[in-house]
Structures are given as structure tokens and as C-alpha cells.
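**Q** Sharing a structure below in C-alpha cells format, with a few things to ask.
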Amino acid sequence: MRGRGFYYPVDSVMSSDGRIYVLNRSFERATLDTIRVTMLNEDGEYFGVFGSGGVEDGEFRWPCGIAIDDQNHVYVTDEQLHRVSVFTESGEFIKHWGLKGVRKGMLDGPSGIVFDQDNNVLISDSRNHRIQKFTRDGEFILSFGEYGSQEGGFILPWGLAVNDNSEIFVADWGNDRIQRFSPDGKFVATYGSSGRRDGQFTRPAGVIVSQDGYIYVADWGNERVQVLGPDGEFVQKLRGEATNSEESSHIEKLLWGPVSLILDADDRLFITETNRHRIQVYERND
């Protein structure tokens, strides 16, 4: 629950030098020191933690998403405090920004967060059912989306990804689909529908895109990760292996609450599992 372990992790991100930051949300009745960011590398080497529960600078109430800019500054969204907190790569607090509201540039329940190729930050403004783009200093750039199931509409959008062409991919949680947009927020395509068959989703939480265009989706409600081709066609599903896990109270191999995805420079896939408090790692086999 504390220290080098994970406790209900909800998102992870990897820096350019291979350091992994795991965002531990904990749960509502837990003590405040279980809400934190754990730092480690791909070999499991531990570098410490930062953050805690609270409302002061550097503290969180309901941390939800985590991202890194090109200066290795760490950004954390907080869906209860409706703000983004910024830290150095070692976890020292720098600042926070964001105000609750419905006007453009304001936030209500920010969740997913990612940087584009220009180092602007995209945020799933979940309870406003839209995506917003800001400079890394929090200056508003643009907003797109509205409540609904129509093309380009959202119901509680969550995870975000950006490909090498700065196209934006949104895990449209309430609509059980992935949507794709141009860099300026114009609708391009939608992938998936509600269900449990291959290529269908139940409350997708995370999405990431490889350099060759494959789309990886954390199909949270179906307890699996699905891989789609560049045009959205079903390729593969992962249910969980974890055959090399350490002995603990959570040794079951299958995924339980897959929520966040990382692809490293070698296209290894890191899957964050909220309810098993761990990360599973897969090698791509072409």
C-alpha cells in the first residue's frame, strides 16, 4: 500500500530515459500517504515516491492521469480538484493550474492527459464531455466535442493518445468506442461498438498508438487489451499472462482492471492493472 508498491494505480507514463511514473489513486477511505506517484524503471529499480492526499500544493484528492513533457516535467490531473499539478522529474512540486467550470479553458473532472508533437497538452475534460488543448503553462488553445453519441460527441471521455502525425485518439468511455481526430479537433473516424466480441468494447479506459499505426486499447470493462490495425480492424486480444509475477496475494495471471498503456522504444507493451496493483509487460511478436 505504501512505498515501492502500487495501490490502485490508474495511470502510468515513461520518460525518454526509461523512468516509469505510476499514479496511485488509492481509494476514498484510505490514509492520505497511499495516494502518490511511484518512480521506477523497466527493470523494477525503485527511485522513491512523491505526492500525497490533500488539497495543498503538490497534493491530490482524485488523481486520474499522468503525462510527461519534453523537459521531463510530470503533469498529473485531479478530477476532484479540477486542476493539473506539475512536478520536476524527481517529484518536486512546480505549480498547478486549472479552474472548475464549463467555459472554454475551464475543467470539470479532468482525466486523461497527453502531450502532442508541439508539446501542447491535451486533456479529457470528462464531465464537460470534451477534449481541451492547452500550452504546458495552462493557456487555453482549443476545445472540441460535446455530450452525445453522435460522431465527434463524447460521454465521459477518458484516455488519450497522439500518433506521429499529431492525430488525437480518444477512449470514449461512455460510448464504448475509440474516436480519431485531426490535430485541430476535426472528426476522422470511430472504431468499435458496445459489446464483448472481438473489436467491441465495454468502457475503454486507455489508448496508445504505435509508430506503425497499430492501436492498443485498454478494454477496461471486458478485462482485456485489444489491438486494432491502422484502419481500426481487430488484430489481437490480450487477456493476461503474468507467469513471472512475484508471489503475493495477487498472483492470478488474468488482467483485472486494465486501465493504462505504455509502449516503449522497443514496442514493449506495459499494461497497468488497477485491481491487481501491478504492471504486465509484453513483447511484440511479429
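**Q** Mind checking the full-extension length gain between Thr190 and Ser16? Use 0.36 nm per residue of separation minus the Cα-Cα distance, one decimal, nm.
**A** 59.6 nm
**Q** Would you list, by chain and number, the aspartates and glutamates whose Cα falls below 20 Å from the Cα of Lys100, excluding same-chain residues fewer than 8 positions away?
**A** Within the straight-line limit of under 20 Å, Lys100 reaches these aspartates and glutamates: Glu56, Asp57, Glu59, Asp78, Glu79, Asp108, Asp125, Asp137, Glu139, Glu146.
**Q** Once mean projected area of the Cα convex hull in nm² is worked out from the coordinates, which option in (i) 15.9; (ii) 17.5; (iii) 13.5 does it equal?
**A** After the calculation, the listed value that fits is (iii).
**Q** While we're on this one: How compact is the range 1-90 by the rule of thumb for globular proteins, expressed as Cα Rg over 2.2 N^0.38 Å?
**A** Normalised Cα radius of gyration, the range 1-90: 0.98.
**Q** Still on this model: Taking 0.36 nm per intervening residue step and subtracting the Cα-Cα distance, what contour gain separates Asp286 from Ile155 on full extension?
**A** 43.6 nm
**Q** Based on alpha-carbon positions alone, could you give the equivalent ellipsoid semi-axes of the range 57-163 from the gyration tensor, as √(5λ), descending, whole Å?
**A** After diagonalising the Cα gyration tensor, the semi-axes are 22, 15, 11 Å.
**Q** Report the gain in length on full extension from Glu45 to Asp57: 0.36 nm times residue separation, minus Cα-Cα distance, nm rounded to one decimal.
**A** Separation in residues times 0.36 nm, less the Cα-Cα distance, equals 1.6 nm.
**Q** About the Cα centre of the range 89-180, how large is the charge dipole given +1 on each Lys and Arg Cβ and -1 on each Asp and Glu Cβ? Please answer in debye to the nearest 20.
**A** That gives a dipole near 360 debye.
**Q** Rounded to a whole number of µm²/s, how large is the Stokes-Einstein D of the range 67-128 at 25 °C and 0.890 mPa s, given Rh as the Kirkwood radius over C-alpha pairs?
**A** The diffusion coefficient I find is 208 µm²/s.
**Q** Report the one residue of Gly257, His96, Tyr216 whose Cα lies farthest in the direction of the positive end of the charge dipole of the chain (charges on C-beta: Lys and Arg +1, Asp and Glu -1; origin at the Cα centre).
**A** So the residue furthest toward the plus end is Gly257.
**Q** Return the percentage of antiparallel bridges among DSSP beta bridges fully within the chain, rounded to the nearest 5 %.
**A** Percent antiparallel among DSSP bridges in the chain is about 95.
**Q** Before I look further, what does the chain give for accessible area per residue, probe 1.4 Å, in whole square angstrom?
**A** 45
**Q** Under a straight-distance cross-link criterion of Cα-Cα below 27 Å, which lysines are reachable from Lys237, leaving out those fewer than 8 residues away in the same chain?
**A** Cross-link targets: Lys253.
**Q** Please state the charge dipole magnitude for the chain, taken about the Cα centre, from unit charges on C-beta atoms (+1 on K and R, -1 on D and E), reported in debye and rounded to the nearest 20.
**A** For this selection, approximately 1080 debye.
**Q** Expressed as a fraction of 2.2 N^0.38 Å, the rule-of-thumb size for a compact globular protein of N residues, what is the C-alpha radius of gyration of the range 164-286?
**A** Ratio of Rg to 2.2 N^0.38 Å for the range 164-286: 1.04.
**Q** How far apart, in nm, are two points set 7 Å out from the Cα along the Cα-to-Cβ line at Leu32 and at Asp108?
**A** Inter-label distance under the simple model: 2.8 nm.
**Q** Sticking with this structure for a sec: Would you work out what percent of the accessible area of the range 119-185, with all protein chains in place, is carbon or sulfur (probe 1.4 Å)?
**A** In the range 119-185, the share of accessible area belonging to carbon and sulfur is 43 percent.
The values are calculated or read from the model by the stated rules, or taken from the named source; none is laboratory data. Remember, it's a predicted structure, so these values are computed and weren't measured experimentally. In this analysis, Cβ positions are derived from the backbone assuming ideal geometry, glycine residues included, and neighbour counts consider all displayed protein chains. Side chains included, ligands, DNA and RNA excluded: accessible areas come from the protein's heavy atoms. Shrake-Rupley method; radii C 1.70, N 1.55, O 1.52, S 1.80 Å.
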